[in-house]
Amino acid sequence: MADKALADFERYLRTERQVSAYTVRNYLFELNRVAKLFTETDSWLTQQHDSLQAVLAKLHRKGLSPRSLSLTLSSLKQFYEFLLREQLIKVNPAISLSAPKQGKPLPKNMDVDSVTHLLEIDTNDPLSFRDKAIMELFYSSGLRLAELAALNAADIQFSQAQVKVLGKGSKERIVPIGKLALQAITQWLDIKRDIPCEDDALFVTAKGKRLAHRSIQARLAKWGQEQAIGIKVHPHKLRHSFATHMLESSADLRAVQELLGHANLSTTQVYTSLDFQHLAKVYDGAHPRAKKRGQS
């Protein structure tokens with residue numbers, strides 16, 4: 001009965017639906033792939049929603065691509081609509097099936113040489129000093145765009161070489177700053193003294209207003225082009241590069257996660273067990289632009 005149902009479905013697709021031979025072939029391939037995961041007592045006509053969802057999860061664990069899983073899901077829904085139409089089943093078990101969620105691929109980071117080249121910009125005007133400090137701080141401390149834009153000058157603790165950051169959910173954390181980032185920030189603050197500012201914002205426009213998110217993004221993209229990096233430079237790319245390079249050097253995943261301020265760590269024992277001295281030690285020994293921090 002099941003084989004006949006598949007044959008009838010193929011004929012229905014070709015004659016009544018008049019879909020392409022390519023689509024017919026793909027649907028049948030996916031259905032046969034699913035059928036191979038059935039037990040000996042299973043059949044298409046006895047499947048329930050949960051058992052079909054379990055099959056999709058199994059295919060997901062086997063490494064089936066998002067595109068293939070989407071096609072599998074479409075094939076199942078089309079086939080069971082046909083079985084319901086032919087009155088071979090009373091309830092369509094595939095109607096509310098969903099493809100297993102796919103993890104979002106991590107953005108590609110820049111290698112250390114590319115980041116170094118990006119940060120070697122010509123500082124020949126006030127805004128270039130500001131932008132260098134912004135990029136150094138992004139890469140030095142792995143800040144989010146919103147976190148950096150919200151910084152005040154008072155948040156930089158020069159004597160401790162660290163910055164106080166207000167992260168997601170208004171959760172405060174302390175993050176180390178590398179020597180080169182501190183130097184860039186110091187140079188920028190010397191220039192900023194001559195700019196009448198509205199408040200204590202760390203990074204401001206030429207008119208003294210706090211620098212907006214879009215302006216920061218635009219400036220990073222500009223420098224990426226001018227330095228011929230070859231890929232679009234944006235705040236998250238520097239944050240991701242920070243995390244990747246730290247992990248490559250230290251292999252201390254928990255420390256890096258805390259440095260990044262991931263929300264889930266704030267409610268775990270891992271978060272409370274890692275003190276700042278440990279984080280600073282990992283940072284000093286691993287970050288490409290912070291090694292031997294504080295030494296002349």
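Remarks
- Computed accessible area, Lys62, all protein chains, 1.4 angstrom probe, square angstrom: 140 Å²
- Cross-link table Lys168/Lys209; Lys62/Lys90; Lys58/Lys237; Lys36/Lys90; Lys132/Lys209, entries beyond 27 Å C-alpha to C-alpha: Lys62/Lys90; Lys58/Lys237
- Protection-proxy order for peptides 150-157, 179-186, 190-197, each taking the mean of Cβ atoms within 10 Å per residue, highest first: 179-186, 150-157, 190-197
- Per-residue surface analysis assigns Tyr22 an accessible area of about 140 Å², computed on protein heavy atoms at 1.4 Å probe radius.
- Rounded accessible area per residue of the range 168-223, 1.4 Å, Å²: 55 Å²
- Annotation: extensible slack from Arg14 through Asn32 equals 4.7 nm (criterion: 0.36 nm per residue apart, minus Cα-Cα distance).
- Area of Met246 that stays accessible when all protein chains are in place (1.4 Å probe, Å², to 10): 0 Å²
- Judged by the ratio a/c of the largest to the smallest principal axis of the C-alpha gyration tensor, the range 136-242 counts as rounded, that ratio being less than 1.5.
- Aspartates and glutamates whose Cα lies under 14 Å from that of Lys207, excluding same-chain neighbours fewer than 8 positions away: Asp194, Glu198, Asp199
- For the range 143-156, 3J(HN,Hα) computed residue by residue from phi via the Karplus equation (6.51, -1.76, 1.60; θ = phi - 60°) reads 6, 6, 4, 5, 5, 5, 5, 8, 5, 9, 4, 5, 6, 7 Hz, glycine and proline entered as x.
- For the listed peptides 48-58, 229-239, a ranking on the average number of other beta carbons within 10 Å per residue, highest first, reads 229-239, 48-58.
The values are calculated or read from the model by the stated rules, or taken from the named source; none is laboratory data. Predicted model only: the values in this text are computed from it and were never measured. Cβ: placed from backbone, ideal geometry, glycine included. Neighbour counts: every protein chain shown. Please note that ligands, DNA and RNA were not included when accessible areas were found on the heavy atoms of the full protein model with its side chains. Shrake-Rupley method; radii C 1.70, N 1.55, O 1.52, S 1.80 Å.
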